[in-house]
Each structure stands twice: as C-alpha cells, then as structure tokens.
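Structure record follows, encoded as structure tokens.
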Amino acid sequence: MKILVVGAGATGGYFGACLARAGRNVTFLVRPQRLSTLRERGLRVVGLGEAVTVRPELTTATQISAPYDVVLLSVKATALPQAMVDLGPAVGPETVIVPFLNGMAHIDQLNARFGAASVLGGVIKVATTLNEDGDIVRLARFASLAIGEQNGDRSRRVDDLEPVLGGAGFDFTVSADITAEMWHKWVFIGAVGAFTCLMRGTVGDIVAVDGGADFGRRVLAEAASVSAAAGHPPPPAELATTTRTITESGSSTASSLYRDLVDGHPTEAEHILGDLVSRARRLSVQTPLLDLATMHLRVYERRLGEHPSR
Ligand SMILES: NC(=O)c1ccc[n+]([C@@H]2O[C@H](COP(=O)([O-])OP(=O)(O)OC[C@H]3O[C@@H](n4cnc5c(N)ncnc54)[C@H](OP(=O)(O)O)[C@@H]3O)[C@@H](O)[C@H]2O)c1
C-alpha cells in the first residue's frame, strides 16, 4: 500500500519514520525548504528512546502524478487550506485520508473538499516537536494512532489498514467511535492549551501557586461540558486521568499552543479554542475561562500579524 505523509514535521515525521523503518511504502509530501533539509540530514528522530535516521522517499506538490492508497495528513490547522490544494493529485476514488490534527473543524473542511467517503477520523497521542536543526524531538515515550470510519462502521478498508499502520513501533487501534475519541482528545488539548497559555507556564509552574490546580479543574470542566453537550461526554476514567495531568505538581506538561505562543509562532488558537467556544455558544454552554483564553490568543495573533518579529 502506498502511503503519503503530508508534512514531515513533529508528528508526520515521527509516525512516518516509524512506518518507513518498519518497511512500509512511505513517501513524504514536503515543501522546498524541508526537502533540502531532509535531503541533507535525513529524517532524524532524537530525544527519548533510540535515535533514528531514515532517508525516506520525498516528493513535492508539483511532482505528484498518481493517487496514493493512504494519505496521513499531519499539517497544522493554519496550513490546512494550502495543504488540501497541494495533496489534491494524491487523492483518487479509493484513497483514504487519515488526519492527525487536533480539534474537529478539519473534518468538515476535508469532507467538503474530498467527500466524506474519503475521510477517516484519526487521533494521535504523542509528544514531539522540531528542534532548530529540523530534527524531530521525542518528548514522551507514548505514541499511538487510532483511526475509524466517521460513522463508526467497521469497514473492509479499515481492516485492510490494520496490518499496514499496525506493528510499526507505535500503538495502533481501530476505534468503534472515532468521533467521540476526537472530541475527548479535544477536551484534553483544549483544556491544557487554555490553562498553560492563559497562565504562561507549564502545568508544574501553575499548580505550584495558590489556586493553580483548582483553576486547572475549572478549565477542564468547561471543556468537558462542551463535549458532553455535543453528545460525547468524556468517560469518567479519562476525565480522572486528565485531571491528574492538569494538576500534577512538578509536571513539565504544556501544549503545542503554549510552545508556539512562547516561541512567537502562529498558533492553532482558532482551530483548538476558537472553534470550541463557538460550538459552546451554539450548544448554550457557558465557558468563561475558555473564552478568556481564546481572547488572549486572539490578541497575541493580531499583534503577531501586525508585528511578525515580536
Ligand atoms: N506535536 C505533537 O506532539 C502533537 C501531538 C498530537 C497532535 N498534534 C497535532 O498534529 C498536527 C500537526 O502538528 P505538528 O506538531 O506535527 O506540526 P509541525 O511540527 O509544525 O509539522 C507540520 C509540518 O507540515 C508541513 N507542511 C505545512 N504545509 C504543508 C504543505 N502544504 N505541504 C507539505 N508540508 C506542509 C510543515 O512543513 P514546512 O517545514 O514546510 O513548514 C511542517 O513540517 C496539529 O494539528 C497538532 O495540534 C501534535
């Protein structure tokens, strides 16, 4: 099966390197600058665990001449509109697209562009980032990918993907309700993102001050209430785990929203928080803390647009 990984960044690079190492037929769709870095250095995974270098097949948008069987979509939400254009020639009638993005709005965008029949749901759990050399840094040992049909059916094509995406060095599961799993991941990432961005610190930094842990619980309760109102109440065990994560003393846990904010980069604020609070409004759920976090990031994004070097 021919796999196209769109984006060789923190997540696409990590999962794609695992698949390439496991002997799967993987090509990365990259832009020119990334192409030259990867040609020069190879795709390197460093940080926790074994350091790995792979020299995968690379392509650019103008070079795609035939459809792929599977597209693993690993761009950030801000890059999605252009990525959908670029990957267009890779999508044929039998192609399945598996998005890695957090949040939910990309599913509607992909359905509108390629048709819902081409799009599976996907949830990745991993903690990776890019360093200044363009290498992928693994920050935690967990790494998993769950996929599933949007309507929850167990389909033949999903069964066919199991031996291709499974057994490649990360946990792989087929979910019976991937939409709920995506919502539950969104609750986690939205809450941790709002919490760490508003307070400009890691979980450990925030819970070290009076009221920090309680603030974390309140942010999480808001995100969970939106998911519940949308028909996907987070399972109590998962909420308990997230509560422990968001209140753990000494924890270095942050979020990519926070990392992008402190590094002065554009963030996925609209996709992760803007969309969450706008769905909350439509569902008549009050989310004052998430609203505050969203406004905080909107002010940051606006200033960034006006003064890109700040
Ligand atoms: N990092 C994590 O630990 C993590 C965990 C779970 C979920 N996620 C989610 O996964 C998604 C991807 O995040 P990420 O951390 O992997 O982001 P990232 O490190 O910024 O990687 C995204 C990559 O996409 C590439 N790209 C953008 N537009 C492209 C295009 N048109 N064609 C080819 N490549 C393109 C970028 O390449 P250039 O070098 O050309 O800009 C970049 O290397 C986000 O929604 C994030 O929230 C991340």
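Summary of computed values
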{"quantity": "Boolean, T196 is within 18 Å of the chain's Cα centre (by Cα), closer than 24 Å to D263 by Cα and surrounded by 14 or more Cβ atoms within 10 Å (Cβ to Cβ)", "calculated": "yes"}
{"quantity": "Residues being within 12 Å of the ligand (Cβ to nearest atom) and not polar (S, T, N, Q) - total across the stretch 56-84", "calculated": "14"}
{"quantity": "Tabulated pairs, the stretch 118-144, first free of Cβ contacts under 8 Å to residues at least 60 places away in the same chain and within 18 Å of T245 (Cβ to Cβ), second near the ligand (Cβ under 8 Å from one of its atoms) and assigned to a strand (DSSP E or B), C-beta under 8 angstrom, 6+ apart or interchain", "calculated": "A127/L139; F142/K125; F142/V126; F142/A127; S144/I124; S144/K125; S144/V126"}
{"quantity": "Number of the condition not met by V46 [criteria: (1) in a loop (DSSP other than H, G, I, E, B); (2) of a type outside the set (K, R); (3) closer than 23 Å to S144 by Cα]", "calculated": "(1)"}
{"quantity": "Residue match in the stretch 178-185 (condition: surrounded by fewer than 21 Cβ atoms within 10 Å (Cβ to Cβ) and either more than 18 Å from the chain's Cα centre (by Cα) or without any contact (Cβ under 8 Å) to a residue 24 or more places away in the chain (or both))", "calculated": "no"}
{"quantity": "Residues (in contact with a strand residue (DSSP E or B) (Cβ under 7 Å, 6 or more places away or on another chain), surrounded by fewer than 20 Cβ atoms within 10 Å (Cβ to Cβ) and of a type in the set (G, A, S)) located in the stretch 10-50", "calculated": "G42, G47, G49"}
{"quantity": "Residue in the stretch 235-250 that is in contact with a Ser or Thr (Cβ under 7 Å, 6 or more places away or on another chain), farther than 23 Å from F142 by Cβ and not in a loop (DSSP other than H, G, I, E, B) present", "calculated": "no"}
{"quantity": "Identity of the residue in the stretch 246-264, surrounded by fewer than 21 Cβ atoms within 10 Å (Cβ to Cβ) and under 13 Å from A127 (Cα atoms), that ends up nearest to the ligand (Cβ to nearest atom)", "calculated": "R259"}
{"quantity": "Residues satisfying the stated conditions in the stretch 19-39, i.e. of a type outside the set (S, T, Y), within 14 Å of the ligand (Cβ to nearest atom) and outside any loop (DSSP other than H, G, I, E, B)", "calculated": "F28, L29, P32, Q33, R34, L35, L38, R39"}
{"quantity": "Subset of the stretch 51-91 [under 19 Å from L130 (Cβ atoms), of a type in the set (A, V, I, L, M, F, W, C) and surrounded by 15 or more Cβ atoms within 10 Å (Cβ to Cβ)]", "calculated": "V52, V54, L58, L72, L73, V75, A77, A79, L80, A83"}
{"quantity": "Where S252 falls short, out of the listed (1) small (G, A, S); (2) within 23 Å of T78 (Cβ to Cβ); (3) under 21 Å from the mean Cα position of the chain (by Cα)", "calculated": "(2)"}
{"quantity": "T60 vs. criteria in contact with a Pro (Cβ under 7 Å, 6 or more places away or on another chain) and modelled with pLDDT of 95 or more", "calculated": "yes"}
{"quantity": "Where E248 falls short, out of the listed (1) more than 15 Å from A194 (Cβ to Cβ); (2) at pLDDT below 95; (3) touching a helix residue (DSSP H, G or I) at 6+ places or on another chain (Cβ under 7 Å)", "calculated": "(2)"}
{"quantity": "Candidate set: the stretch 93-117, residues that are in contact with a Phe, Trp or Tyr (Cβ under 8 Å, 6 or more places away or on another chain) and without any contact (Cβ under 8 Å) to a residue 60 or more places away in the chain; chosen: the one surrounded by the most Cβ atoms within 10 Å (Cβ to Cβ)", "calculated": "I97"}
{"quantity": "Yes/no for V137 being modelled with pLDDT of 95 or more, under 21 Å from A10 (Cα atoms) and surrounded by fewer than 20 Cβ atoms within 10 Å (Cβ to Cβ)", "calculated": "yes"}
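The values are calculated or read from the model by the stated rules, or taken from the named source; none is laboratory data. Computed from a predicted model, the values in this text were never measured in an experiment. Don't worry about glycine lacking a Cβ; one is built from the backbone with ideal geometry, like all the others, and counts go over all protein chains shown.
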